[in-house]
1. With +1 on each Lys and Arg Cβ and -1 on each Asp and Glu Cβ, and nothing else charged, work out how big the dipole of the chain is about its Cα centre, in Debye to the nearest 20.
2. Please identify the DSSP H helices in the chain that span no less than 24 Å along the helix axis (Cα) and have a mean Kyte-Doolittle hydropathy of -1.0 or more.
3. Find the all-direction average of the projected area of the Cα convex hull for segment 5-135, expressing the result in square nanometres with one decimal place.
4. How high is the relative contact order of segment 5-135? Use alpha-carbon pairs under 8 Å, at least six apart in sequence, and give a whole percent.
5. Which of Thr99, Thr119, Thr38 moves most in a GNM of the chain, Cα contacts under 10 Å?
6. Top mean-square fluctuation among Leu15, Leu120, Leu105, Gaussian network model of the chain, C-alpha springs under 10 Å?
7. Shape call for segment 4-64 from the C-alpha gyration tensor, a ≥ b ≥ c root eigenvalues: rounded (a/c under 1.5), prolate (a/b greater than b/c) or oblate?
8. Only Cα pairs within less than 10 Å get springs; with that Gaussian network setup on the chain, which residue of Gly96, Gly68, Gly35 has the largest fluctuation?
Amino acid sequence: MNLQMATRHALFAMLELAARPDSQIPAADIAAKYGISTNHLSKVMRILGREGLVEAVRGVGGGYRFAGNARRLTLLDLIHIFEPVGVRPALGAEPGDDTAEGRGLRLVMDEIDGATRATLSSITIETMLKLIRRQG
């Protein structure tokens, strides 16, 4: 599964902020760590702010602070803010869809989508932070 750039930026930022929930971290610091554009990250941070997951702190020493619940916020919750997961696009029928093979393929693809959604909905930000710490 490939994630869109904004989604990856959001996941990196949320993991950074959740790892230090009592700190204010400038977007520029997060962008520098991951080698991403500060401008793109700033747009992502505004979206996360509107969702109530981060708080912007202005002034000297300002930045962003985690405002979510790391025990309840899942990867699926975050990804859904930026892109659909396991949702079949409504582009109409594709060639071969009306055959037995096409219907069989759709069943398999739907099962994969369901497994992906189940996995992403079972992994919280807290779980990710534990995984990251274990990897050292």
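Since every read-out is calculated from the coordinates, none of them should be taken as a lab result. Computed from a predicted model, the values in this text were never measured in an experiment. Virtual Cβ from ideal backbone geometry, glycine too; neighbours counted across all protein chains shown.
1. Dipole about the Cα centre, nearest 20: 720 debye.
2. Span-like helices, by this rule, are 100-122.
3. 10.0 nm²
4. So the answer I get is 28 percent.
5. Thr99
6. Looking only at Leu15, Leu120, Leu105, the biggest GNM fluctuation is shown by Leu105.
7. The shape class here is rounded.
8. Gly96
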